[in-house]
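S.K.: The structure under discussion is supplied below as structure tokens; questions concerning it will follow.
The values are calculated or read from the model by the stated rules, or taken from the named source; none is laboratory data. As the structure is a prediction and not an experimental result, all values here were calculated from the model. Cβ placement follows ideal geometry from the backbone for every residue including glycine, while neighbour counts extend to all protein chains displayed.
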Amino acid sequence: MTAKLISGIEIAKEIREELTAEVAELKEKYNIVPGLVTILVGEDPASQSYVAAKNKTAHALGIHSEQVTLDPDTSEEDLLALVDKYNKDPKINGILVQLPLPKHINEANILYAIDPDKDVDGFHPVNVGKMVLGEKCFLPCTPHGILEMLTRSGVETSGAEVVIIGRSNIVGKPIANLMLQKRDGGNATITLCHTRTKDMAAHCRRADIIIAAVGVPKMVTADMVKEGAAIIDVGVNRIGKASNGKAILAGDVDFDAVKEIASCITPVPGGVGPMTITMLMKNTVQAAKMAANLI
Ligand code: GUN
């Protein structure tokens, strides 16, 4: 079997078209322009490219976006002051502080300082708590994007055995939570594997859906995959540099071998990545509507 490709580029395009129409309607009917600020501390090339892509997408959709880049030695105090400034800025509905932060800054202190109503990453404990309880909140972008990819490409999650590899706060833990809820893309039976899991391969071989979010290139091999399983690859691993200087990327899944066994699979690049950015835009529009009491 050669798997169907689940294209994040195509699905993201579909959602962006919906958002473009929604942003235009907000402007026309209510004179509202959703606003996003991205804050990057330091010069990490991967973070720089993620932040640039977020701002470019915001512009393309008609969202007002501001990009702040700070010196790597910016103090925690100065960063907190900046977050506070944007918490109070009515033009800004969403605040995104790009992670990871330099070691001298306590990440939790910064994330907890963001107004939960502007927390378009869905990382604030208020939003995490609401998400776990199934209440309306900002869903974290990568897990939300994965749900959209599964539902929009017709992968049945209800009753499915889902194996998630990786227990991060950004992907593993929230996607596990969302997929066990009574909701679209949910009602699944979840196994969450991590570095201490015994016999990861045995768990994976039982899975109808595997979600790999570990950061180890090509860790999920063909012998770990059941015939016909759906594969979501969240990994973005830089495994070298091409002659033109561009990074060569590999996912957490051995794509070439696994595509012969799976029923559908996300590529890297062009899979989960574009969805994460798109869901950030969706959250920014949601934040603007919330601020105007429209939802
Ligand atoms: N770094 C890697 N992924 C993310 C993300 O989704 N949001 C933020 N703020 N930083 C990240």
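S.K.: Against the definition (surrounded by fewer than 16 Cβ atoms within 10 Å (Cβ to Cβ), on the phi > 0 side of the Ramachandran plot and modelled with pLDDT under 95), how does residue 245 come out, yes or no? It would help to see each step written out before you state the result.
M.R.: Values: surrounded by fewer than 16 Cβ atoms within 10 Å (Cβ to Cβ): yes; on the phi > 0 side of the Ramachandran plot: yes; modelled with pLDDT under 95: yes.
Answer is yes for this residue.
S.K.: Taking the conditions exactly as written (away from the ligand (no atom under 13 Å from the Cβ) and either of a type in the set (A, V, I, L, M, F, W, C) or out of contact with any helix residue (DSSP H, G or I) (no Cβ under 8 Å at 6 or more places or on another chain) (or both)), does residue 80 satisfy them or not?
M.R.: Yes: the conditions hold for residue 80.
S.K.: Residues that are small (Gly, Ala, Ser): which strands (runs of 3 or more DSSP E) entirely in the range 192-254 hold 2 or more of them?
M.R.: Details: elements: 209-212, 230-233, 237-241, 247-250.
Output list reads 247-250.
S.K.: Kindly evaluate residue 261 against the criterion of being buried (at least 19 other Cβ atoms within 10 Å of the Cβ) and either closer than 19 Å to residue 153 by Cα or modelled with pLDDT under 95 (or both). Step through it out loud before you land on a result.
M.R.: Working: buried (at least 19 other Cβ atoms within 10 Å of the Cβ): yes; either closer than 19 Å to residue 153 by Cα or modelled with pLDDT under 95 (or both): yes.
For residue 261, the condition - buried (at least 19 other Cβ atoms within 10 Å of the Cβ) and either closer than 19 Å to residue 153 by Cα or modelled with pLDDT under 95 (or both) - is met.
S.K.: Go through the range 19-60 and count every residue that is acidic (Asp, Glu) and surrounded by 12 or more Cβ atoms within 10 Å (Cβ to Cβ).
M.R.: Within the range 19-60, the subset acidic (Asp, Glu) is 22, 25, 28, 43-44.
Next, from what is left, pick out any that are surrounded by 12 or more Cβ atoms within 10 Å (Cβ to Cβ): 22, 44.
Result for the range 19-60: 2.
S.K.: Can you work out which of the residues in the range 28-70 that are in contact with a helix residue (DSSP H, G or I) (Cβ under 7 Å, 6 or more places away or on another chain) and in a helix (DSSP H, G or I) is farthest from the ligand (Cβ to nearest atom)?
M.R.: Taking the candidates together, the pick is 61.
S.K.: Need the failing condition index for residue 92 against (1) under 26 Å from residue 233 (Cα atoms); (2) within 16 Å of the ligand (Cβ to nearest atom); (3) hydrophobic (A, V, I, L, M, F, W, C), just the number.
M.R.: Result: residue 92 fails condition (1) only.
S.K.: State all residues of the range 110-166 that are away from the ligand (no atom under 11 Å from the Cβ), of a type in the set (Val, Ile, Thr) and out of contact with any Pro (no Cβ under 6 Å at 6 or more places or on another chain); if no residue qualifies, say none.
M.R.: Step one: filter the range 110-166 for residues away from the ligand (no atom under 11 Å from the Cβ), giving 112-113, 115-118, 124-139, 146-166.
Those left that are additionally of a type in the set (Val, Ile, Thr): 126, 128, 132, 146, 151, 155, 157, 162-165.
Matches in the range 110-166: 128, 132, 146, 151, 155, 157, 162, 163, 164, 165.
S.K.: Something else: Condition first: surrounded by 22 or more Cβ atoms within 10 Å (Cβ to Cβ) and in contact with an Asp or Glu (Cβ under 7 Å, 6 or more places away or on another chain). Can you find one or more residues in the range 127-137 that meet it?
M.R.: Yes, the range 127-137 contains a residue that is surrounded by 22 or more Cβ atoms within 10 Å (Cβ to Cβ) and in contact with an Asp or Glu (Cβ under 7 Å, 6 or more places away or on another chain).
S.K.: Another question about this same structure. Answer yes or no: is there a residue in the range 265-285 that is surrounded by 21 or more Cβ atoms within 10 Å (Cβ to Cβ), more than 15 Å from the ligand (Cβ to nearest atom) and within 14 Å of residue 149 (Cα to Cα).
M.R.: Yes, the range 265-285 contains a residue that is surrounded by 21 or more Cβ atoms within 10 Å (Cβ to Cβ), more than 15 Å from the ligand (Cβ to nearest atom) and within 14 Å of residue 149 (Cα to Cα).
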